[in-house]
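The values are calculated or read from the model by the stated rules, or taken from the named source; none is laboratory data. Since the structure is predicted, the reported quantities are computational estimates derived from the model, not experimental observations. For neighbour counting, all protein chains shown are included, and Cβ atoms are generated from backbone atoms with ideal geometry for every residue, glycine included. Accessible surface areas use protein heavy atoms only, side chains included; no ligands, DNA or RNA. Shrake-Rupley method; radii C 1.70, N 1.55, O 1.52, S 1.80 Å.
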Amino acid sequence: MPPRLTLRSRGRERGVTQESFPEIREAVRKLCARFPGAYWRELDRDRAYPTAFVQALTEAGFLSVLIPEEYGGSGLGLRAATAVLEEIHRSGCNGGACHAQMYTMGTVLRHGTPAQKEAYLPKIATGELRLQAFGVTEPDAGTDTTRITTFAKKVGDKYVVSGRKIWISRAEHSDLMVLLCRTTPRDQVSKPSDGMSVLLVDMKQAVGNGLTIRPVRTMLNHATTELFFEDLEVPAENLVGQEGKGFRYILDGMNAERILIASECIGDARFFIDRASQYAKDRVVFGRPIGENQGVQFPLARAYVQMTSASLMVDRAAELFEAGEPCGTEANMAKLVASEASWFAADMALQTHGGFGFAEEYDIERKFRETRLYQVAPISTNLILSHVATHVLGQPKSF
Ligand SMILES: Cc1cc2nc3c(=O)[nH]c(=O)nc-3n(C[C@H](O)[C@H](O)[C@H](O)COP(=O)(O)OP(=O)(O)OC[C@H]3O[C@@H](n4cnc5c(N)ncnc54)[C@H](O)[C@@H]3O)c2cc1C
């Protein structure tokens with residue numbers, strides 16, 4: 001049973017130099033110190049899952065901060081979760097293996113029946129059940145989610161699922177998956193976003209009985225996979241919310257996901273800035289520390305300015321989310337600026353390290369590969385710009 005974290009934020013104290021949730025950050029840093037660069041480099045080479053790290057985070061209660069206390073979590077809210085993920089990434093670790101354990105359960109929490117919540121949430125809080133697979137993307141639909149074709153046909157008290165998903169991360173390390181599928185074909189609904197439903201899939205039961213998982217090796221260690229469904233039977237009681245309304249439920253969860261991933265980008269940016277800053281002081285070339293050159297120190301300073309500004313946007317989005325206010329635009333903008341800040345910092349750190357930036361043992365090249373993902377997933381930059389252009393600025397929609 002993981003301990004319940006009861007620490008509270010000290011109000012809105014995160015300015016340019018102060019940090020929210022100092023006790024949580026300190027505890028995460030301590031935990032992460034047990035998983036140094038060598039641990040991650042070895043996993044990276046083999047594309048292996050960080051089981052010991054995920055177990056340690058679970059036991060410390062960090063993955064259940066968003067689960068309400070009545071179901072065994074800490075009920076601390078999204079800002080605490082951003083502090084956890086930011087510190088994980090600042091420490092050189094990677095939360096990608098388990099961050100979804102924090103927020104995927106939100107679909108059950110917000111839209112599940114009382115029986116589903118009772119059955120799943122307490123076990124997710126202890127880590128006995130892993131709900132960290134989220135199956136939306138399909139090869140032929142891409143970002144145009146309403147074009148998904150994985151279909152769940154109701155037959156008696158079951159759904160029979162057929163189709164294909166791509167890029168479904170952690171599917172091999174999850175007991176449950178939140179799956180979005182069509183229950184009515186797109187050409188038979190009045191709005192394209194209608195007719196999709198969310199099913200909770202029991203992965204252990206499904207594999208070999210209609211579900212095949214094929215790992216996809218990528219440029220980073222992310223445990224991502226392709227899924228093939230062939231007449232997979234899912235009990236009808238595993239439907240979350242109402243049939244046909246699933247797209248809306250998924251959108252709810254995406255705001256939390258974008259804000260949390262933005263906080264990982266802030267952590268990455270801090271990692272790069274910390275490392276580059278130290279290296280610029282230590283490395284002596286032409287008889288002086290390279291940081292004495294403005295050509296080296298200005299990109300460092302720019303990375304800091306960008307990271308700090310993006311971090312304020314992440315805080316703002318998280319505050320709105322916690323207050324139950326609409327925050328779709330802010331969550332998107334936070335993800336955009338944070339992913340760009342982390343990428344700028346990554347490039348700056350690589351340049352600052354010169355040739356050593358390419359050496360595995362410095363961890364810069366690994367984090368460089370890892371942080372590049374966030375401009376593409378969970379939503380690509382262009383789609384965010386399109387959202388802002390059309391929903392905020394009233395420009396005509398391009399698609
Ligand atoms: C490592 C990894 C892990 C992932 N994990 C998951 C997961 O667990 N679950 C899940 O469901 N998905 C997951 N994804 C999928 C991810 O969310 C998508 O890759 C992402 O949303 C982009 O979709 P796409 O790859 O289909 O790109 P596409 O939709 O094919 O787009 C390709 C490019 O074209 C651009 N583009 C497309 N349409 C437009 C337009 N109208 N205007 C301007 N530009 C446009 C996009 O911005 C993008 O740059 C993961 C992806 C990766 C790489």
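Are there any strands (runs of 3 or more DSSP E) wholly within segment 185-280 with 1 or more residues that are in contact with an Asp or Glu (Cβ under 8 Å, 6 or more places away or on another chain) and farther than 23 Å from residue 97 by Cα, and if so which? Reasoning before the result, please.
Values: elements: 196-202, 211-215, 224-235.
Result: 196-202, 224-235.
Of all residues in segment 184-200, exactly one satisfies the criterion of being surrounded by 21 or more Cβ atoms within 10 Å (Cβ to Cβ) and more than 16 Å from the ligand (Cβ to nearest atom), namely 195. Just name the residue that is nearest to the ligand (Cβ to nearest atom) out of those in segment 217-237 that are under 19 Å from the mean Cα position of the chain (by Cα) and loosely packed, with under 15 Cβ neighbours inside 10 Å. It comes out as 218. Selection of segment 356-390 for residues being more than 10 Å from the ligand (Cβ to nearest atom), among the aliphatic types (A, V, I, L, M) and in contact (Cβ under 8 Å) with a residue 40 or more places away in the chain yields 364, 388.
Okay, residues lined up against (1) out of contact with any helix residue (DSSP H, G or I) (no Cβ under 6 Å at 6 or more places or on another chain); (2) of a type outside the set (A, V, I, L, M, F, W, C):
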| position | (1), (2) |
| --- | --- |
| 119 | yes, no |
| 126 | yes, yes |
| 142 | yes, yes |
| 165 | yes, yes |
| 170 | yes, yes |
| 181 | yes, no |
| 193 | no, yes |
| 196 | no, no |
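Return yes when residue 110 is open to solvent by less than 30 Å² (accessible area, probe 1.4 Å), part of a helix (DSSP H, G or I) and of a type in the set (D, E, K, R) and no when it is not. For residue 110, the condition - open to solvent by less than 30 Å² (accessible area, probe 1.4 Å), part of a helix (DSSP H, G or I) and of a type in the set (D, E, K, R) - is not met. Residues in segment 271-284 that are open to solvent by 30 Å² or more (accessible area, probe 1.4 Å) and of a type outside the set (Asp, Glu) were compared, and the one that is farthest from residue 299 (Cα to Cα) is 284.
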